[in-house]
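First comes the structure, then the notes that go with it.
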Amino acid sequence: MFQRILLIAAVLCAVPITGAAQQTRHSQVQQVLFVCEHGNVKSLMAATYFNALAQSRRLPYRAASRGVAPDSDSVPEFVLTPLKSEGFDVADFHPQRITRDDVAASSRVVVISTAVPADASDAGTKVEQWNDVPPASKDYPKSWDSIKAHVADLLDRLERGKTP
């Protein structure tokens, strides 16, 4: 369990990992940017799960979470506690506002129940919209299940080299 937490922490912090976990099917790591309204709920849940799943599949992708309008500097308890019970410690995460540089640095942007602000958009980046994710503040289990299904589908498509 402790090793799993360290692995997840390393992925979330973008700390280089050595050994077999470092070997990917492709050599260049690409960023996938998840965006939600505040940057500390849906996008954080998606980025956290995405990173763990991509790492376990040895895929060359790492995710980041951003918000259109962050309204705090921490993760709400209704996200923190259930993610921790799944083995994901996001207590040190601090939401950040999406920027044009974030978008430009990403091979794909996934927007969850919001839109990329005009001042952050980049025409050269593929954008995918997930508008069917239930609010985690009202029904965390349904939101988590929806995000996990979307993330698994996205990683399957990325692995096959297919675009949305």
The range 46-57, residues that are part of a helix (DSSP H, G or I), closer than 21 Å to residue 126 by Cβ and out of contact with any His (no Cβ under 9 Å at 6 or more places or on another chain): 47, 49, 50, 51, 53, 54
Answer yes or no as to whether residue 43 is hydroxyl-bearing (Ser, Thr, Tyr), over 20 Å from residue 29 (Cα atoms) and either touching a Cys at 6+ places or on another chain (Cβ under 6 Å) or not in a strand (DSSP E or B) (or both). no
Sole exception among (1) in a loop (DSSP other than H, G, I, E, B); (2) touching a Leu at 6+ places or on another chain (Cβ under 9 Å); (3) surrounded by 12 or more Cβ atoms within 10 Å (Cβ to Cβ) for residue 91, by number: (3)
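Let's see how each residue does on (1) buried (at least 19 other Cβ atoms within 10 Å of the Cβ); (2) within 26 Å of residue 117 (Cβ to Cβ); (3) more than 14 Å from the chain's Cα centre (by Cα); (4) modelled with pLDDT of 95 or more:
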| position | (1), (2), (3), (4) |
| --- | --- |
| 23 | no, no, yes, no |
| 26 | no, no, yes, no |
| 32 | yes, yes, no, yes |
| 45 | yes, yes, no, yes |
| 48 | yes, yes, no, yes |
| 56 | no, no, yes, yes |
Selection over the range 98-136 where residues are charged (D, E, K, R), in a strand (DSSP E or B) and either at positive phi or surrounded by 15 or more Cβ atoms within 10 Å (Cβ to Cβ) (or both) yields a count of 2
Answer yes or no as to whether residue 79 is in contact with a helix residue (DSSP H, G or I) (Cβ under 7 Å, 6 or more places away or on another chain), assigned to a loop (DSSP other than H, G, I, E, B) and modelled with pLDDT of 95 or more. no
State which residue pairs qualify: first residue at pLDDT 95 or above and inside the range 129-152, second residue polar (S, T, N, Q) and assigned to a helix (DSSP H, G or I) in any location, beta carbons under 7 Å apart, and separation of 6 or more residues or different chains. 132/146; 133/143; 133/146; 134/143; 134/146; 135/143; 136/143
Would you point out the residue of the range 61-108, among those that are over 25 Å from residue 139 (Cβ atoms) and of a type in the set (A, V, I, L, M, F, W, C), that is nearest to the chain's Cα centre (by Cα)? 64
Can you work out which of the residues in the range 92-119 that are free of Cβ contacts under 8 Å to residues at least 40 places away in the same chain and hydrophobic (A, V, I, L, M, F, W, C) is nearest to residue 71 (Cα to Cα)? 118
Within the range 72-83, does at least one residue satisfy the condition of being over 18 Å from residue 35 (Cβ atoms), polar (S, T, N, Q) and touching a residue at least 24 places away in the same chain (Cβ under 8 Å)? yes
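The values are calculated or read from the model by the stated rules, or taken from the named source; none is laboratory data. What you are looking at is a predicted structure, and each value in this text was computed from that prediction instead of being measured. Virtual Cβ from ideal backbone geometry, glycine too; neighbours counted across all protein chains shown.
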